[in-house]
Amino acid sequence: MKWGIMAQRSNRRRQGEVLITSDTTPSHGLDQVRVSGTVSLAVSPEKLWDLLSQPEHIVSWMSELHAWTGPATDRVGAGRELAAQVQMFYMIHDVRLVVTEYRPTLGWTMTCGGVTGVAVAFTVEVEQLRDVTRATLGTSLHGQVLRDADVVVLRHAIQSGLDSSLRQLADIAHPDIAAYPLPVALGYHPTRDRAAGFP
């Protein structure tokens, strides 16, 4: 997995604004790790939802997803199972992703129990703001095997993959806008980001 903790923002704002932030708030308990991040895009909620809910698009932005291996479906849905290969801990695993929560146009949760000793959940949420639509992606792991893991290193690895997914999603939503990452970690700063035009 290509994962890291740096959040990034586009330096070009002519055709659309992109803001990526990450949340590495420690999760409670010794056997779970959760990370999330957001990207705000100048696209319609409908366009963003299509990118986030259609498997043919999901595979192009979700960094952990190596490939779909089962029958194709046009959209994720409640209770749907999708055969896939995911890359975790530098290995490819054959898994079944199950859509355990589905709210049309608003979000979904997929769980994956095919990685030995670890249960994984991927979440997506969509929120329309004033002039942009915000996507929030989350990844959580839990299981006894995490009790013996270096949680700092693991969280760093997961966050890196999440950052990659957010950047790829922004690239797909705005193929005409190049993203230029800042060389430092960037979190949301109310005064600075409002002055720059971000919500």
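The values are calculated or read from the model by the stated rules, or taken from the named source; none is laboratory data. All figures in this text were calculated on a predicted structure; none of them were measured in a lab. Note that each Cβ is placed from the backbone with ideal geometry, even for glycine, and that neighbours are counted across all protein chains shown.
Condition check ((1) of a type in the set (Asp, Glu); (2) in contact with a His (Cβ under 8 Å, 6 or more places away or on another chain); (3) modelled with pLDDT of 50 or more) across all residues:
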site	(1), (2), (3)
Trp3	no, yes, no
Arg13	no, no, no
Asp31	yes, yes, yes
His57	no, no, yes
Thr69	no, no, yes
Ala78	no, no, yes
Gln87	no, yes, yes
Please find, within region 118-138, the residue that is surrounded by the fewest Cβ atoms within 10 Å (Cβ to Cβ) out of those that are more than 28 Å from Asp94 (Cα to Cα) and of a type outside the set (A, V, I, L, M). Arg130
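Suppose we keep only residues that are more than 17 Å from the chain's Cα centre (by Cα) and surrounded by 10 or more Cβ atoms within 10 Å (Cβ to Cβ) within region 151-178. Which one would you say is modelled with the highest pLDDT? Walk me through how you get there before you give the answer.
Keep residues of region 151-178 that are more than 17 Å from the chain's Cα centre (by Cα), which gives 151-153, 175-178.
Within this subset, residues satisfying the condition of being surrounded by 10 or more Cβ atoms within 10 Å (Cβ to Cβ) are 151-152, 177-178.
Working: Val151: 76, Val152: 81, Ile177: 60, Ala178: 44.
The extreme case among them is Val152.
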Being surrounded by 16 or more Cβ atoms within 10 Å (Cβ to Cβ), assigned to a loop (DSSP other than H, G, I, E, B) and modelled with pLDDT under 90 narrows Leu186, Leu182, Leu141, Leu146 down to just Leu186
A careful count of residues in region 50-83 that are closer than 15 Å to Thr109 by Cβ and touching a residue at least 24 places away in the same chain (Cβ under 8 Å) gives 8
